[in-house]
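The structure appears below as structure tokens.
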Amino acid sequence: MSKVTVKIYGQEYTISGERSEEEIREIASHVDSEMRAIGRLLSDPSSGSLAVLTAVNIAEECHGIREEMAGLKAENDKLTETVKYYVNMWEEAKKTSKQNRDSINDMKTKRKEYEEQIKELKAKCDEYESTFFELQMENIQLKSELEKYKRKVE
């Protein structure tokens, strides 16, 4: 707890509080400057109304700051909600992106499997074509031999 002696409008006051000595001096300086500003406007600046008017001015200032803080808090709350919305969108986009990457990887794996199957099928097809060609050649030879035998028999 700080205890500070300050001068406000020509009088010394000892103020104690939770704030630092520097903060207490700043607050006292503010009150002093407000009282001096209002005192210049009053015909009798020594009257009790000076303190009341100063208190009213500072209270008005405080009230304005509270209203501004409330507006800023409301704006902050809106921004917080907006941030939450975009963070959720970001998280969903990351999930979707991961799912898409996983799907692409699955498709690549399946593509490789299909390419292997196609290779195997092409090899079988080539084998069947070869066998078919050989059978055709054999068929031609057999037809030729059959023709020879038919001629001999006739």
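Number of residues in region 33-42 that are under 54 Å from the mean Cα position of the chain (by Cα) and either of a type in the set (A, V, I, L, M, F, W, C) or surrounded by fewer than 11 Cβ atoms within 10 Å (Cβ to Cβ) (or both) equals 3.
Per-residue answers, yes or no, for (1) assigned to a helix (DSSP H, G or I); (2) open to solvent by 100 Å² or more (accessible area, probe 1.4 Å):
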site: 31; (1), (2): yes, no
site: 44; (1), (2): no, no
site: 49; (1), (2): yes, no
site: 77; (1), (2): yes, no
site: 110; (1), (2): yes, yes
site: 124; (1), (2): yes, yes
site: 141; (1), (2): yes, yes
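Condition (residue is without any contact (Cβ under 8 Å) to a residue 12 or more places away in the chain and hydroxyl-bearing (Ser, Thr, Tyr)) applied to region 53-64: is it met by at least one residue?
Step one: filter region 53-64 for residues without any contact (Cβ under 8 Å) to a residue 12 or more places away in the chain, giving 55-56, 59-64.
Among the residues that remain, those that are also hydroxyl-bearing (Ser, Thr, Tyr) are: none.
No, that holds for no residue.
Scanning region 14-29 for residues that are loosely packed, with under 13 Cβ neighbours inside 10 Å and of a type in the set (S, T, N, Q) turns up 14, 16, 20.
The values are calculated or read from the model by the stated rules, or taken from the named source; none is laboratory data. In this text, all values refer to a predicted model and were calculated from it rather than measured experimentally. Heads up, the Cβs are rebuilt from the backbone with ideal geometry, glycines too, and the neighbour counts pull from every protein chain shown. Protein only, heavy atoms only, side chains kept; ligands, DNA and RNA dropped before computing areas. Shrake-Rupley method; radii C 1.70, N 1.55, O 1.52, S 1.80 Å.
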